[in-house]
Amino acid sequence: MKRSFILPAILIAITIWGLLSLGFWQLDRADEKRAIEAEIVAAQSNPAEFVPVSELANKEHYQVLLQGYYDNDKQFIYDNQIVNSNAGYYVLTPFVLENKTAILVNRGFVPWYGQRGKVADITVNENRATIQVELIKPKMRLKLKTQKSVSTFPMLVQSLDLEQFSQYSGYQIIPMLAQLDVQANNGFYRKWKPFYGSIDKHQGYALQWFLMALVLSFIALRLFIKNTKNIDT
(Lines give C-alpha, C1' and ligand atoms only; values in the text may rest on other atoms or scores of the structure.)
Protein backbone atom coordinates (compact mmCIF):
# COMPACT_ATOMS: atom_id res chain seq x y z
CA MET A 1 0.00 0.00 0.00
CA LYS A 2 1.30 3.43 -0.89
CA ARG A 3 2.13 5.67 2.03
CA SER A 4 -0.03 8.39 0.51
CA PHE A 5 -3.02 6.09 0.91
CA ILE A 6 -2.42 5.23 4.59
CA LEU A 7 -3.84 8.44 6.08
CA PRO A 8 -7.00 8.45 3.89
CA ALA A 9 -7.49 4.76 4.73
CA ILE A 10 -7.33 5.52 8.45
CA LEU A 11 -9.79 8.40 8.10
CA ILE A 12 -12.18 6.25 6.08
CA ALA A 13 -11.98 3.46 8.66
CA ILE A 14 -12.71 5.90 11.50
CA THR A 15 -15.65 7.34 9.58
CA ILE A 16 -17.10 3.90 8.89
CA TRP A 17 -16.71 3.00 12.56
CA GLY A 18 -18.48 6.25 13.51
CA LEU A 19 -21.37 5.58 11.13
CA LEU A 20 -21.81 2.05 12.45
CA SER A 21 -21.71 3.33 16.03
CA LEU A 22 -24.45 5.85 15.24
CA GLY A 23 -26.54 3.10 13.66
CA PHE A 24 -26.25 0.82 16.69
CA TRP A 25 -26.96 3.78 18.99
CA GLN A 26 -30.21 4.42 17.13
CA LEU A 27 -31.14 0.74 17.51
CA ASP A 28 -30.48 1.03 21.25
CA ARG A 29 -32.74 4.09 21.37
CA ALA A 30 -35.45 2.13 19.55
CA ASP A 31 -35.15 -0.64 22.16
CA GLU A 32 -35.48 1.94 24.95
CA LYS A 33 -38.61 3.42 23.36
CA ARG A 34 -40.01 -0.08 22.82
CA ALA A 35 -39.56 -0.83 26.53
CA ILE A 36 -41.22 2.47 27.51
CA GLU A 37 -44.10 1.78 25.14
CA ALA A 38 -44.58 -1.69 26.66
CA GLU A 39 -44.73 -0.17 30.17
CA ILE A 40 -47.31 2.38 29.02
CA VAL A 41 -49.47 -0.25 27.34
CA ALA A 42 -49.32 -2.34 30.52
CA ALA A 43 -50.26 0.70 32.65
CA GLN A 44 -53.19 1.67 30.44
CA SER A 45 -54.52 -1.88 30.27
CA ASN A 46 -55.29 -1.82 34.01
CA PRO A 47 -58.78 -0.71 35.04
CA ALA A 48 -59.07 2.66 36.74
CA GLU A 49 -58.85 2.46 40.52
CA PHE A 50 -58.38 4.66 43.55
CA VAL A 51 -54.76 5.41 44.39
CA PRO A 52 -53.45 6.96 47.63
CA VAL A 53 -52.55 10.61 47.18
CA SER A 54 -48.95 9.88 48.17
CA GLU A 55 -48.60 7.45 45.23
CA LEU A 56 -50.12 9.55 42.44
CA ALA A 57 -46.74 10.96 41.38
CA ASN A 58 -45.60 7.39 40.56
CA LYS A 59 -48.58 6.50 38.37
CA GLU A 60 -47.72 8.12 35.04
CA HIS A 61 -49.94 6.89 32.18
CA TYR A 62 -52.27 5.05 34.59
CA GLN A 63 -56.01 5.55 34.59
CA VAL A 64 -57.01 6.43 38.15
CA LEU A 65 -60.07 7.50 40.08
CA LEU A 66 -59.89 10.69 42.11
CA GLN A 67 -62.29 11.78 44.82
CA GLY A 68 -62.55 15.43 45.81
CA TYR A 69 -63.92 18.67 44.37
CA TYR A 70 -63.02 21.29 41.78
CA ASP A 71 -62.01 24.78 42.86
CA ASN A 72 -63.91 26.98 40.44
CA ASP A 73 -62.12 30.13 41.63
CA LYS A 74 -58.50 29.08 40.99
CA GLN A 75 -58.49 27.99 37.35
CA PHE A 76 -55.67 28.37 34.81
CA ILE A 77 -55.92 29.06 31.07
CA TYR A 78 -53.02 27.22 29.38
CA ASP A 79 -52.57 29.34 26.26
CA ASN A 80 -50.92 28.81 22.85
CA GLN A 81 -52.33 25.38 22.09
CA ILE A 82 -53.15 24.03 18.63
CA VAL A 83 -55.79 21.32 18.21
CA ASN A 84 -57.26 20.38 14.82
CA SER A 85 -55.54 23.44 13.32
CA ASN A 86 -57.39 25.74 15.74
CA ALA A 87 -55.58 28.03 18.18
CA GLY A 88 -56.87 27.95 21.70
CA TYR A 89 -56.19 26.93 25.28
CA TYR A 90 -56.56 24.11 27.76
CA VAL A 91 -58.61 24.65 30.91
CA LEU A 92 -56.65 23.50 33.98
CA THR A 93 -58.70 23.27 37.15
CA PRO A 94 -57.40 22.34 40.62
CA PHE A 95 -59.11 19.22 41.94
CA VAL A 96 -58.78 19.34 45.71
CA LEU A 97 -58.04 15.95 47.24
CA GLU A 98 -57.16 16.46 50.91
CA ASN A 99 -55.50 18.93 53.29
CA LYS A 100 -54.96 21.67 50.69
CA THR A 101 -53.41 19.11 48.32
CA ALA A 102 -54.66 19.32 44.75
CA ILE A 103 -53.95 18.04 41.27
CA LEU A 104 -54.47 20.04 38.09
CA VAL A 105 -57.12 18.50 35.88
CA ASN A 106 -56.95 19.29 32.16
CA ARG A 107 -60.64 19.58 31.36
CA GLY A 108 -60.04 19.94 27.65
CA PHE A 109 -59.44 22.34 24.78
CA VAL A 110 -61.31 25.54 23.95
CA PRO A 111 -60.61 27.47 20.70
CA TRP A 112 -60.22 31.24 20.80
CA TYR A 113 -62.16 31.72 17.55
CA GLY A 114 -60.37 35.03 17.08
CA GLN A 115 -61.58 36.41 20.42
CA ARG A 116 -58.46 36.29 22.58
CA GLY A 117 -59.89 38.73 25.10
CA LYS A 118 -62.94 36.59 25.79
CA VAL A 119 -62.59 33.35 27.75
CA ALA A 120 -65.38 30.81 27.41
CA ASP A 121 -67.63 30.00 30.36
CA ILE A 122 -65.44 27.55 32.30
CA THR A 123 -67.53 27.52 35.48
CA VAL A 124 -67.54 24.13 37.17
CA ASN A 125 -69.61 22.69 40.02
CA GLU A 126 -67.70 22.48 43.32
CA ASN A 127 -69.64 19.55 44.79
CA ARG A 128 -67.62 16.52 45.85
CA ALA A 129 -67.30 14.03 43.03
CA THR A 130 -65.34 11.06 41.71
CA ILE A 131 -63.60 11.56 38.37
CA GLN A 132 -61.56 9.30 36.10
CA VAL A 133 -58.32 10.68 34.67
CA GLU A 134 -55.08 9.60 33.05
CA LEU A 135 -51.95 10.87 34.75
CA ILE A 136 -49.05 12.30 32.77
CA LYS A 137 -45.93 14.22 33.72
CA PRO A 138 -46.26 17.87 32.67
CA LYS A 139 -43.64 19.03 30.20
CA MET A 140 -42.14 22.47 30.57
CA ARG A 141 -41.87 24.31 27.29
CA LEU A 142 -39.54 27.13 26.34
CA LYS A 143 -40.52 30.46 27.83
CA LEU A 144 -40.14 33.32 25.38
CA LYS A 145 -40.40 35.83 28.20
CA THR A 146 -40.71 35.84 31.95
CA GLN A 147 -44.22 35.05 33.07
CA LYS A 148 -45.66 37.87 35.16
CA SER A 149 -47.04 37.08 38.57
CA VAL A 150 -50.69 38.06 38.72
CA SER A 151 -53.38 37.08 41.17
CA THR A 152 -56.41 37.32 38.91
CA PHE A 153 -58.25 34.10 38.06
CA PRO A 154 -58.81 32.51 35.66
CA MET A 155 -55.08 33.01 35.13
CA LEU A 156 -53.56 33.00 31.64
CA VAL A 157 -50.31 30.94 31.64
CA GLN A 158 -47.80 30.03 28.94
CA SER A 159 -46.04 27.05 30.56
CA LEU A 160 -46.65 24.40 33.19
CA ASP A 161 -44.69 25.61 36.19
CA LEU A 162 -46.45 23.66 38.93
CA GLU A 163 -44.35 25.14 41.73
CA GLN A 164 -45.45 28.59 40.63
CA PHE A 165 -49.04 27.40 40.30
CA SER A 166 -48.88 26.17 43.91
CA GLN A 167 -47.87 29.65 45.03
CA TYR A 168 -50.64 31.29 43.02
CA SER A 169 -53.40 28.91 44.10
CA GLY A 170 -52.41 28.25 47.70
CA TYR A 171 -52.52 24.49 47.13
CA GLN A 172 -49.76 21.92 47.27
CA ILE A 173 -50.11 20.77 43.67
CA ILE A 174 -49.06 17.20 42.91
CA PRO A 175 -46.37 17.14 40.15
CA MET A 176 -48.62 15.38 37.67
CA LEU A 177 -51.24 16.52 35.19
CA ALA A 178 -54.59 14.72 35.12
CA GLN A 179 -56.27 14.42 31.73
CA LEU A 180 -60.00 14.19 32.24
CA ASP A 181 -61.59 11.08 30.73
CA VAL A 182 -63.37 11.79 27.45
CA GLN A 183 -66.65 10.43 28.83
CA ALA A 184 -66.60 12.58 31.96
CA ASN A 185 -68.80 15.60 32.58
CA ASN A 186 -67.57 19.15 33.18
CA GLY A 187 -65.11 19.00 30.29
CA PHE A 188 -64.46 20.55 26.91
CA TYR A 189 -63.06 19.08 23.70
CA ARG A 190 -60.87 16.09 24.61
CA LYS A 191 -59.06 13.84 22.20
CA TRP A 192 -55.87 13.03 24.01
CA LYS A 193 -52.94 12.03 21.85
CA PRO A 194 -51.62 8.53 22.49
CA PHE A 195 -47.98 8.01 23.34
CA TYR A 196 -45.72 7.55 20.32
CA GLY A 197 -42.32 6.10 21.08
CA SER A 198 -40.90 6.99 17.65
CA ILE A 199 -39.56 3.45 17.30
CA ASP A 200 -39.87 3.53 13.51
CA LYS A 201 -38.03 6.85 13.39
CA HIS A 202 -35.02 5.45 15.25
CA GLN A 203 -34.99 2.33 13.08
CA GLY A 204 -35.10 4.52 9.98
CA TYR A 205 -32.16 6.60 11.21
CA ALA A 206 -30.22 3.42 11.97
CA LEU A 207 -30.84 2.16 8.44
CA GLN A 208 -29.56 5.45 7.00
CA TRP A 209 -26.33 5.27 9.02
CA PHE A 210 -25.77 1.63 8.05
CA LEU A 211 -26.36 2.40 4.36
CA MET A 212 -23.90 5.28 4.51
CA ALA A 213 -21.33 2.97 6.13
CA LEU A 214 -21.96 0.38 3.41
CA VAL A 215 -21.53 2.91 0.59
CA LEU A 216 -18.34 4.27 2.14
CA SER A 217 -17.03 0.73 2.60
CA PHE A 218 -17.69 0.01 -1.07
CA ILE A 219 -15.85 3.20 -2.08
CA ALA A 220 -12.94 2.31 0.22
CA LEU A 221 -12.75 -1.17 -1.28
CA ARG A 222 -12.63 0.24 -4.82
CA LEU A 223 -9.89 2.66 -3.82
CA PHE A 224 -7.91 -0.15 -2.16
CA ILE A 225 -8.16 -2.34 -5.25
CA LYS A 226 -7.12 0.55 -7.47
CA ASN A 227 -4.20 1.38 -5.18
CA THR A 228 -3.07 -2.27 -5.17
CA LYS A 229 -3.15 -2.45 -8.98
CA ASN A 230 -1.05 0.70 -9.21
CA ILE A 231 1.58 -0.86 -6.92
CA ASP A 232 1.69 -4.08 -9.02
CA THR A 233 2.22 -2.13 -12.22
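The values are calculated or read from the model by the stated rules, or taken from the named source; none is laboratory data. None of the values given here were measured: they were computed from a predicted structure. When we count neighbours, we look across all protein chains shown, and the Cβ atoms used for this are built from the backbone with ideal geometry, even at glycine.
Key figures for this structure:
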{"read-out": "Unique match (being closer than 30 Å to ALA48 by Cβ, over 20 Å from the mean Cα position of the chain (by Cα), surrounded by 13 or more Cβ atoms within 10 Å (Cβ to Cβ) and of a type in the set (Gly, Ala, Ser)) among ALA184, ALA213, ALA206", "value": "ALA184"}
{"read-out": "Considering residues of region 187-233 that are in contact with an Asp or Glu (Cβ under 8 Å, 6 or more places away or on another chain) and at pLDDT below 80 only, the residue nearest to THR15 (Cα to Cα)", "value": "GLY197"}
{"read-out": "Residues (in contact (Cβ under 8 Å) with a residue 40 or more places away in the chain, among the aromatic types (Phe, Trp, Tyr) and outside any helix (DSSP H, G or I)) located in region 171-220", "value": "TYR171, PHE188, TYR189, TRP192, PHE195"}
{"read-out": "1 or more residues assigned by TED's automatic domain parsing to the domain that holds LYS118, in contact with a Cys (Cβ under 9 Å, 6 or more places away or on another chain) and buried (at least 17 other Cβ atoms within 10 Å of the Cβ): qualifying strands (runs of 3 or more DSSP E) within region 1-103", "value": "none"}
{"read-out": "Residue among ALA9, ALA38, ALA42 that is touching a residue at least 12 places away in the same chain (Cβ under 8 Å) and among the small types (Gly, Ala, Ser)", "value": "ALA9"}
{"read-out": "Residue match in region 105-119 (condition: of a type in the set (A, V, I, L, M), part of a loop (DSSP other than H, G, I, E, B), out of contact with any Ser or Thr (no Cβ under 6 Å at 6 or more places or on another chain) and surrounded by 15 or more Cβ atoms within 10 Å (Cβ to Cβ))", "value": "yes"}
{"read-out": "Any hit, region 67-84, residues being aliphatic (A, V, I, L, M), under 21 Å from ALA184 (Cβ atoms) and free of Cβ contacts under 8 Å to residues at least 60 places away in the same chain", "value": "no"}
